[in-house]
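Down below is the structure, laid out as structure tokens.
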Amino acid sequence: MSTVAAAPPRTTRQVAHVMGMPISLALRGRHATTAAGERAWLEAVATLRDVDRVFSTYRADSHVSRLGRGEIGLAECPPEVAEVLAIGEVARIQSGGAFDVRRPLPDGRTVLDPSGVVKGWAVERAVRALLALDDTDVCLSAGGDMVCHVADPDRDPWLVGIEDPHDPTRVLARVPVRHGAVATSGTAHRGEHIVDARTGATATGVAQVTVVGADLTWTDVDATAAYALGPGALAWLATRTGRAGLVVWDDGRCETFGRAG
């Protein structure tokens, strides 16, 4: 007796530009092409736009900008601001000060910039509407950092490609993800924007850090903190429970670490 294999579920894709970066969605399964899937996508985008209004450091009228200038206090901000700053404080302690939401400036002043927490945290909030879709696989990406979910255990995992920071046309590895998050920090696309908060200097020695973990909030924070630690990136990541990934050094060497899950 012969059988006909079921066709793989159709994948649909959406893209929007929010928070100064591309937000992309891939859906497979029941709601890949339904009105419910479209509504969930629009709700996710609306969530990210709301986050941008509160947290953007590029908008003079955002709560974070006004808080940083001392025009308002924390009590006058939405409760989400205190939540994000609390995550940032835990990350500061756990990274020995390399990661901090208060970034030093060359003139000795500090500026409030929780962006290193906000992106992953915001995507975790936005993806909730999509994860509520039954029998639907979800991959929501913000500037290359993503949350992945596979609803059916018989379906293939999402395959996430890790780009070579020294040659963007080359993929260093493809990571299968069924339930979890992937975040990458580096300078290949945004230049030298990550500093060691202890010194205010740009990190050296490391070209890129990719972390795989259970949730994007902490996966993204850990990737940024590790990059800021420079030569200490790999040793620090080895202490982070439930994380795995890849460190690419300035000289082109690649080293893996940990085990996700």
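The values are calculated or read from the model by the stated rules, or taken from the named source; none is laboratory data. What you see is a predicted model; the values in this text were computed from it and never measured. Because the Cβ atoms are built from the backbone with ideal geometry, glycine has one as well, and the counts that use them run over all protein chains shown. Quick note on the areas: whole protein, heavy atoms, side chains included, nothing else; ligands and nucleic acids left out. Shrake-Rupley method; radii C 1.70, N 1.55, O 1.52, S 1.80 Å.
Is it the case that ALA122 is open to solvent by less than 10 Å² (accessible area, probe 1.4 Å), closer than 22 Å to CYS254 by Cα and not acidic (Asp, Glu)? No.
The lone criterion from (1) under 15 Å from the mean Cα position of the chain (by Cα); (2) on the phi > 0 side of the Ramachandran plot left unmet by GLY200 is number (1). On inspection, ASP61 fails the criterion of being acidic (Asp, Glu) and open to solvent by less than 40 Å² (accessible area, probe 1.4 Å).
Looking at the stretch 246-261, which of its residues are out of contact with any helix residue (DSSP H, G or I) (no Cβ under 7 Å at 6 or more places or on another chain), assigned to a strand (DSSP E or B) and not polar (S, T, N, Q)?
Scanning the stretch 246-261 gives LEU246, VAL248, TRP249, CYS254.
The listed residues are GLU89, GLU43, and the only one of them that is farther than 28 Å from ARG178 by Cα and open to solvent by 50 Å² or more (accessible area, probe 1.4 Å) turns out to be GLU89. Checking ARG103, ARG125 one by one, the residue that is among the basic types (Lys, Arg) and part of a helix (DSSP H, G or I) is ARG125 and no other. Pairing residues of the stretch 41-66 that are among the charged types (D, E, K, R) with residues that are open to solvent by 10 Å² or more (accessible area, probe 1.4 Å) and not in a loop (DSSP other than H, G, I, E, B), at Cβ distances under 8 Å and at least 6 apart in sequence or on separate chains, gives GLU43/ALA129; ARG59/ASP52; ARG59/ARG53; ARG59/SER65.
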